[in-house]
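Trainee: This structure is in structure tokens; I'll ask about it shortly.
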Amino acid sequence: MSRRSWAEPYKIKMVEPLRMMSRAEREEAIEAAGFNTFLVPSRAVYIDLLTDSGTSAMSDRQWASMMMGDEAYAGSENYFHLEEAVRRHYGYRNVIPTHQGRGAEHILSRLLIKPGDTVPGNMYFTTTKAHQELAGGRFVDVIGDRAHDPDDESPFKGNIDLFKLERVVKEAGAARIPYVCVQCNVNMAGGQPISLENLRAVRAFCDRHGIRIMLDATRAVENAYFIQQREAGQSERSIGDILLEVCSLSDGCTNSGKKDCLVNIGGFLCLNDDALAEEARNLVVVFEGLHTYGGLAGRDMEAMAIGIEESVQQDHIRARIGQVEYLGRLLIKAGVPIVRPIGGHGVFLNAAKMLPHVPREQFPAQALAAALYVESGVRAMERGAVSAGRDHATGANLYPRLELVRLTIPRRVYTQAHMDVTAESVIELARHADHVVGLKFTHEPKHLRFFQARFAPVVGSKVLRGHGEGAGCASGRCCGACRGSSRVVSAASTLNPGA
Ligand code: F0G
């Protein structure tokens, strides 16, 4: 049976021009940025796939609602709309707005973590772990082993390994575990979901030990979509219904509204326990703002309330994840190694595999992201050893198994043609990946170093040696792409499926 193609469930009403600089200008820009795509000015970027955070296009309804901002210091009408939307779709009792996700993480960590505590979680996220550690806690990864294998095709690689969790609880003692941190659609694993079945089992385990579960619900809607599509018995349920069940299996959540909730700024902390929520409200006044605005303008809260309603619509989420899958499939078809299955919010390139000549100590993913920018003006980001940082006890660099470059897709912003151009750029780069040069730190910040670090190539001054330089290649042997052959990728011609 043939099915019609789907199309984006919206039409475009306002456009923002894109600019493309010359390759020479991009080479200058990346050098000035210390070979860190976070430090490249947006004006120098062609297609911006740095992050899906705060980069969504808002709907006409959201923009219209911003004119209805009630900018009262206390008790803004928009706060009550947000509270109502969060309660309806996430189901928690107490809703506390924060300026963004890490604001909520800060409050939650201060509230519940005491020095020496252990916080198990399904793979670290950078800001989440930073706040847990600043509060004196220790993060322990209890995600299943499959999450660390980019080629493993399991449908729920975000699942928690209950044996690992049990071991941590035995070692640390339940009393020293303030909560288990469960992340939906695990970011650093490549946007991989947790199943309802696993979450229910974690809930039962935590109930037996009297331990709370706090959800990082930042991409819980995308996780709900994967549950609907992949988990037995879930295909007839609505996204909203699944989302409510996911949240009902936890005691509260932190949420960056800048992702699923389709806004450019905002977040929230939810807690079912009234007494804890009261304490959290008291902390919010110190760090974010009064508990009815938490660092946001009234108009921001209104846009988030409407974004939440839009985010659970089936046609929205299908198109959002469908676009990511479209890009991923193009790359798979061309033989580019990416994390499988294709994730919810982006396509993750396996940089370690693409650049076997660059040792881990020379940060292949950081180099690949910089080289992709030089090659095409497409901005991606490193998700590997630079993001992982250092071991606090020994000071040694951490080398997670995954050394990835994330092509993160903003919601409702780019078209299918942009995905084609992105795929063409990555495939072209993969053809002469031997020309990418490793990097070394020239400046390493103390906290969340990947945001502001600066690097230099380990040899020469360029991260991507030009074609035809032959013996000048990073590996000391030319890949052959200069001479028009293609070793790494054989099927660039499979692109442009619309033709
Ligand atoms: N949790 C997860 C899983 C995230 O991906 C992020 C942000 C946060 C918490 C923090 O939220 O940025 O609103 O303070 N992720 C962004 C990214 C930065 O690019 O993945 P925030």
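Trainee: Taking interchain pairs and intrachain pairs at least six residues apart, which have beta carbon atoms under 8 angstrom, with the first residue in segment 326-344 and under 25 Å from Ala224 (Cα atoms) and the second charged (D, E, K, R) and in a loop (DSSP other than H, G, I, E, B)?
Mentor: If the second residue must be charged (D, E, K, R) and in a loop (DSSP other than H, G, I, E, B), the pairs left are Ile332/Arg340; Arg340/Asp151; Arg340/Asp152; Arg340/Glu153; Pro341/Glu153; Pro341/Lys157.
Trainee: Just to be sure, is Gly384 surrounded by fewer than 18 Cβ atoms within 10 Å (Cβ to Cβ), without any contact (Cβ under 8 Å) to a residue 40 or more places away in the chain and over 17 Å from Ala33 (Cα atoms)? Break it down stepwise before answering.
Mentor: Numbers: surrounded by fewer than 18 Cβ atoms within 10 Å (Cβ to Cβ): no; without any contact (Cβ under 8 Å) to a residue 40 or more places away in the chain: yes; over 17 Å from Ala33 (Cα atoms): yes.
It is false that Gly384 is surrounded by fewer than 18 Cβ atoms within 10 Å (Cβ to Cβ), without any contact (Cβ under 8 Å) to a residue 40 or more places away in the chain and over 17 Å from Ala33 (Cα atoms).
Trainee: How many of the residues making up segment 308-333 are farther than 19 Å from Cys261 by Cβ, among the small types (Gly, Ala, Ser) and buried (at least 23 other Cβ atoms within 10 Å of the Cβ)?
Mentor: Within segment 308-333, residues that are farther than 19 Å from Cys261 by Cβ, among the small types (Gly, Ala, Ser) and buried (at least 23 other Cβ atoms within 10 Å of the Cβ) number 1.
Trainee: Of everything in segment 346-355 that's away from the ligand (no atom under 16 Å from the Cβ) and crowded, with 22+ Cβ neighbours inside 10 Å, which residue is nearest to Ser154 (Cα to Cα)?
Mentor: Asn350
Trainee: If only one of Ala334, Ala351, Ala303 is assigned by TED's automatic domain parsing to the domain that holds Arg219 and at pLDDT 95 or above, which one is it?
Mentor: Ala303
Trainee: Related question: Only residues that are under 19 Å from the mean Cα position of the chain (by Cα) and either closer than 29 Å to Gln62 by Cβ or more than 16 Å from the ligand (Cβ to nearest atom) (or both): list them for segment 384-398, please. Explain how you work it out, then say what you get.
Mentor: Here is the first cut: in segment 384-398, the ones under 19 Å from the mean Cα position of the chain (by Cα) are 384-389.
Selection gives Ala385 alone.
Trainee: In addition: Of Gly295, Gly343, Gly335, which residue is within 16 Å of the ligand (Cβ to nearest atom) and within 24 Å of Ala417 (Cα to Cα)?
Mentor: Gly343 is the lone residue from the list that is within 16 Å of the ligand (Cβ to nearest atom) and within 24 Å of Ala417 (Cα to Cα).
Trainee: Let me ask you something else. Checking Lys164 against (1) in contact with a Pro (Cβ under 9 Å, 6 or more places away or on another chain); (2) more than 24 Å from Gly294 (Cβ to Cβ); (3) surrounded by 18 or more Cβ atoms within 10 Å (Cβ to Cβ), which test does it fail?
Mentor: Exception for Lys164: condition (3).
Trainee: If you don't mind, there's one more thing I want to ask. What are the residues in segment 30-46 that are buried (at least 18 other Cβ atoms within 10 Å of the Cβ) and within 16 Å of the ligand (Cβ to nearest atom), if any?
Mentor: Of segment 30-46, the ones buried (at least 18 other Cβ atoms within 10 Å of the Cβ) are 30, 33-37, 40, 44-46.
Selection gives Asn36, Thr37, Val40, Val45.
Trainee: Could you please find all residues in segment 188-205 being of a type in the set (A, V, I, L, M) and within 21 Å of Pro341 (Cβ to Cβ)?
Mentor: Result: Met188, Ala189, Ile194, Leu196, Leu199.
Trainee: With respect to the numbered conditions (1) of a type in the set (D, E, K, R); (2) free of Cβ contacts under 8 Å to residues at least 60 places away in the same chain; (3) under 29 Å from Gly344 (Cβ atoms), which one is the sole condition not fulfilled by Glu25?
Mentor: All conditions pass for Glu25, except number (3).
Trainee: Suppose we filter Leu108, Leu112 for residues that are under 24 Å from Glu166 (Cα atoms), crowded, with 19+ Cβ neighbours inside 10 Å and more than 16 Å from the ligand (Cβ to nearest atom); which single one remains?
Mentor: Leu112
Trainee: Follow-up. Kindly establish whether Glu27 is under 24 Å from Arg219 (Cα atoms) and away from the ligand (no atom under 16 Å from the Cβ).
Mentor: no
Trainee: Looking only at strands (runs of 3 or more DSSP E) that fall completely inside segment 31-146, which ones have 2 or more residues that are at pLDDT below 95, small (Gly, Ala, Ser) and more than 30 Å from Ala371 (Cβ to Cβ)?
Mentor: Numbers: elements: 94-98, 118-121, 138-141.
Hits in segment 31-146: none.
Trainee: So, one more: Take Ala453 and tell me if it is within 25 Å of Lys333 (Cβ to Cβ) and modelled with pLDDT of 95 or more.
Mentor: Here the answer is no, as Ala453 does not meet what is asked.
Trainee: Looking at (1) away from the ligand (no atom under 16 Å from the Cβ); (2) among the aliphatic types (A, V, I, L, M); (3) within 20 Å of the chain's Cα centre (by Cα), can you tell me which one Ala201 breaks?
Mentor: Against the list (1) away from the ligand (no atom under 16 Å from the Cβ); (2) among the aliphatic types (A, V, I, L, M); (3) within 20 Å of the chain's Cα centre (by Cα), Ala201 comes up short only on (3).
The values are calculated or read from the model by the stated rules, or taken from the named source; none is laboratory data. None of the values given here were measured: they were computed from a predicted structure. In this analysis, Cβ positions are derived from the backbone assuming ideal geometry, glycine residues included, and neighbour counts consider all displayed protein chains.
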